[in-house]
Structures are given as C-alpha cells and as structure tokens.
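Enquirer: Have a look at the structure that comes next, please.
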Amino acid sequence: MARRIPQIDRYKEIQKAGFIIIFKEHNEYAITKKKGNVDTDIVFEIMKNLIENSDFNKIILISGDGDYKKVVDYLIHKERFEKILFPNRKFASSLYKKITIRYYDYLDNKDIKKKIEYTHK
C-alpha cells in the first residue's frame, strides 16, 4: 500500500501554480538516522531544467545553505534566478551577504507567507 504524503493537496496546488516539486527518495535508514544529502540532486535538477526545458523561466530556491551560492551566482548572471527564500533568518549562510535584496527574502516575511500560503478550498 502506497504511503500518502499528508501535504499532498498542498503540493498539488503548488504544482498547478506552475512550480516544479521534486522529492528525493530515501531508504528507511536514511530517513531516521542520517541527513539525506540533496545538494547535488538539487543542483543537477536545476541545470537539467536549464538545458532541457525551453519554457523554464526562473528559479526560486528555498534554502539557507551556502552550498548553492555558486549556482545562485550563475543563475543571476544568466538572468534565470528569481529569489532564494531563507527558512530562518538566523541560519542563512553568510555567503549570501553579497547578493542584493532583490534576490533574497525570508519565509517568515508576511508578504512571502501571503504569496505561498496554502488555503484549503
């Protein structure tokens, strides 16, 4: 029996709005005992979409991890980057201090919450 993801309705609504959501599979041990290293997978999917998708517009990345700084800089340079949303003001990597406010925001910002908030219909 397939396990139902509790937020499945939210994910469907996000996809209907034109966003691409990619889930990483983990074995049971990795889910409970170890952090799943998704950095490489995320960068791969971004670059794959840049190459293969002519209708790919811009990326919005939700992370505070500085590991994405190089790809963020590249996408800004190529005018394919919209924004990085930091989940937490305290733990956003200092590597992003040099990018302008145009390219970042925080998930706890009221305007951002309003734009991405899920409301059950």
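The values are calculated or read from the model by the stated rules, or taken from the named source; none is laboratory data. Treat the numbers as computed from the prediction; the structure is a model and nothing was measured. Glycine gets a Cβ as well: all are built from the backbone with ideal geometry, and neighbour counts include every protein chain shown.
Enquirer: Do you know which residues across region 69-86 are among the acidic types (D, E) and not in a loop (DSSP other than H, G, I, E, B)? Before the answer, list the steps.
Expert: From region 69-86, those among the acidic types (D, E) are 73, 79, 82; that's our starting set.
Of everything in region 69-86, those that are among the acidic types (D, E) and not in a loop (DSSP other than H, G, I, E, B) turn out to be D73, E82.
Enquirer: Here's something else I'd like to know. Test I60 against the criterion of being β-branched (V, I, T), within 22 Å of T40 (Cα to Cα) and in a helix (DSSP H, G or I), and give yes or no.
Expert: Here the answer is no, as I60 does not meet what is asked.
Enquirer: Whether any residue in region 79-93 is closer than 23 Å to R10 by Cβ, at pLDDT 90 or above and out of contact with any Ser or Thr (no Cβ under 9 Å at 6 or more places or on another chain) is what I want to check.
Expert: Checked region 79-93: at least one residue is closer than 23 Å to R10 by Cβ, at pLDDT 90 or above and out of contact with any Ser or Thr (no Cβ under 9 Å at 6 or more places or on another chain).
Enquirer: Just wondering, is there one or more residues in region 23-35 that are loosely packed, with under 10 Cβ neighbours inside 10 Å and modelled with pLDDT of 75 or more?
Expert: Within region 23-35, not a single residue is loosely packed, with under 10 Cβ neighbours inside 10 Å and modelled with pLDDT of 75 or more.
Enquirer: Across region 47-78, which residue is modelled with the lowest pLDDT among those that are under 23 Å from I14 (Cβ atoms) and among the small types (G, A, S)? Full working, then the answer.
Expert: Filtering region 47-78 for residues under 23 Å from I14 (Cβ atoms) gives 47-50, 52-65, 68, 71-72, 75.
From what's left, among the small types (G, A, S): 54, 63-64.
Values: S54: 73, S63: 89, G64: 90.
Selected residue: S54.
Enquirer: Another question about this same structure. Looking at region 75-94 only, could you name the residues that are in contact with a strand residue (DSSP E or B) (Cβ under 9 Å, 6 or more places away or on another chain) and surrounded by fewer than 19 Cβ atoms within 10 Å (Cβ to Cβ)?
Expert: Those that are in contact with a strand residue (DSSP E or B) (Cβ under 9 Å, 6 or more places away or on another chain) and surrounded by fewer than 19 Cβ atoms within 10 Å (Cβ to Cβ): R80, E82, K83, P87, N88, R89, S93.
Enquirer: Take the residues in region 87-110 that are free of Cβ contacts under 8 Å to residues at least 24 places away in the same chain and not in a loop (DSSP other than H, G, I, E, B), then tell me which one is farthest from K69 (Cα to Cα).
Expert: K110
Enquirer: Sticking with this structure for a sec: So, I20, is that one at pLDDT below 80 and closer than 24 Å to R102 by Cβ or not?
Expert: Spelling it out, I20 is indeed at pLDDT below 80 and closer than 24 Å to R102 by Cβ.
Enquirer: Pick from region 46-60 the residues that are within 13 Å of the chain's Cα centre (by Cα) and touching a residue at least 24 places away in the same chain (Cβ under 8 Å): which of them is surrounded by the most Cβ atoms within 10 Å (Cβ to Cβ)? Spell out how you get there, then give the answer.
Expert: Keep residues of region 46-60 that are within 13 Å of the chain's Cα centre (by Cα), which gives 46, 58-60.
Next, only the ones that are touching a residue at least 24 places away in the same chain (Cβ under 8 Å) stay: 46, 58, 60.
On the way: I46: 22, K58: 11, I60: 12.
If we take residues in region 46-60 being within 13 Å of the chain's Cα centre (by Cα) and touching a residue at least 24 places away in the same chain (Cβ under 8 Å), then I46 is surrounded by the most Cβ atoms within 10 Å (Cβ to Cβ).
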